[in-house]
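Shown next, in structure tokens, is the structure this report addresses.
The values are calculated or read from the model by the stated rules, or taken from the named source; none is laboratory data. Computed from a predicted structure; not experimentally measured. Positions of Cβ are generated from backbone atoms using ideal geometry, with glycine treated the same way; all protein chains shown enter the neighbour counts. Heavy atoms of the whole protein, side chains included, go into the accessibility calculation; ligands, DNA and RNA do not. Shrake-Rupley method; radii C 1.70, N 1.55, O 1.52, S 1.80 Å.
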Amino acid sequence: MSEANGDQSPQRAFLASLGVVRRTPRTYPFDPGYDVATVVSHIGQSHSLMAGLKLSMATWLLIEDSSLQQKIRAARDHGLPVTVGGGMFEIAADLGRLDEYFDLCQRLNVTGIEAGQGFTRSDPHPGRVLEAATARGLTVTYEIGGKHDGAFDEETTKRLIAQGGQWLNGGATHIVVEGRENAADVGLFDSHGQLSRGLADTLADEFGLDRLIFEAPTKPSQFALLDHFGADVALGNVRLEELLRVETYRHGLHSDAYERSFLAK
């Protein structure tokens with residue numbers, strides 16, 4: 001929990017005295033279209049708790065270029081990778097415009113793109129996508145799960161494991177598990193928002209937690225995944241204003257995590 005000059009602030013020294021370990025950032029907050037000041041301010045305040053920033057929901061294509069550049073620059077200046085969400089990848093793939101899309105991402109100086117097959121009929125070839133992205137200096141994450149297909153079952157999970165494995169073997173850095181914005185009747189969450197722990201374990205056993213990012217857009221989904229996998233689980237689709245809540249829970253400082261984190265020691 002060191003400051004830039006190597007000295008701990010009083011508050012961080014106090015946390016260290018309690019045995020609170022500063023963890024490697026494992027939360028990927030997303031920007032669904034916040035104003036520039038909000039994004040830049042949150043990055044300045046909490047960048048040391050972020051694993052990266054995701055520009056989501058295609059909003060980044062609609063805002064003024066100067067605003068977009070300020071967001072990307074703020075993240076990159078703090079060493080944060082910037083990934084653009086998979087929706088525009090799917091549309092570009094479906095319309096046969098992937099090369100132009102990758103060229104755009106390269107010009108904008110983002111770090112990487114998210115690929116997926118969540119709502120279009122496109123069936124992009126992993127090798128060709130990864131080759132084209134890598135040639136432009138872009139990393140690739142691959143999202144598994146349909147946006148309108150409901151919660152996973154065992155057969156769906158087996159198919160998605162095979163699909164995700166092709167992308168990882170081709171050079172994708174992570175597998176993102178679909179959770180949309182409500183974490184209900186989608187991915188690992190049933191219609192009541194309950195986590196399917198067995199299927200979550202199946203994915204973790206197959207890919208390893210270090211290669212998985214679980215979309216967790218709601219408080220129950222965030223806490224359920226942290227309770228199940230522990231503090232090292234990577235969470236995505238966390239709103240910027242909810243990042244600190246997630247991190248207080250991850251570090252055992254939230255009231256709902258205190259007993260498990262401190263009294264169980």
Averaged over all viewing directions, the convex hull of the alpha carbons in the range 122-169 casts a projected area in nm² of 3.8
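So what's the range 31-163 giving for Rg/Rh, alpha carbon basis, Kirkwood Rh from the mean inverse pair distance?
Details: Rg = 15.6 Å, Rh = 15.7 Å.
Radius of gyration relative to Kirkwood radius: 0.99.
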Sorting 164, 240, 47 by the position of each Cα along the dipole of the chain (Lys, Arg +1; Asp, Glu -1; all at Cβ), the one nearest the positive end of that ordering is 47
Rounded to the nearest whole number, the Stokes-Einstein translational diffusion coefficient of the range 67-123 at 20 °C and 1.002 mPa s (Kirkwood radius, C-alpha pairs) in µm²/s is 178
In nm, the gap between the two label points placed 7 Å beyond Cα toward Cβ at residue 14 and residue 95 is 5.3
For the chain the mean separation of alpha carbon contacts under 8 Å (6+ apart) over residue count, i.e. relative contact order in percent, is 16
Rg from C-alpha atoms of the chain, normalised by the globular rule of thumb 2.2 N^0.38 Å, equals 1.01
In a Gaussian network model of the chain with springs linking alpha carbons closer than 10 Å, the residue among 67, 255, 48 that fluctuates most is 255
Expressed to one decimal in nm², the mean projection of the alpha carbon convex hull of the range 170-243 is 4.9
Listed residues 222, 11, 45; largest mean-square fluctuation, Gaussian network over the chain with Cα springs below 10 Å, found at 11
Largest fluctuation, 206, 90, 143 only, Gaussian network model of the chain with Cα springs under 10 angstrom, belongs to 206
Reported to the nearest 10 Å², residue 229 has, with a 1.4 Å probe, an accessible area equal to 40
Given a 1.4 Å probe, the accessible area of the range 109-169 per residue, as a whole number of Å², is 49
Computed from every Cα-Cα pair in the range 8-54, P(r) in 5 Å bins starting at 0 and rounded to whole percents is 5, 19, 22, 20, 15, 11, 7, 2
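Could you size up the charge dipole of the chain around its Cα centre, putting +1 on the beta carbon of Lys and Arg and -1 on that of Asp and Glu, and report it in debye to the nearest 20? Please report the intermediate quantities before stating the final value.
Details: 25 positive and 36 negative charges, 135 e Å.
Using only the charged Cβ atoms, the result is roughly 640 debye.
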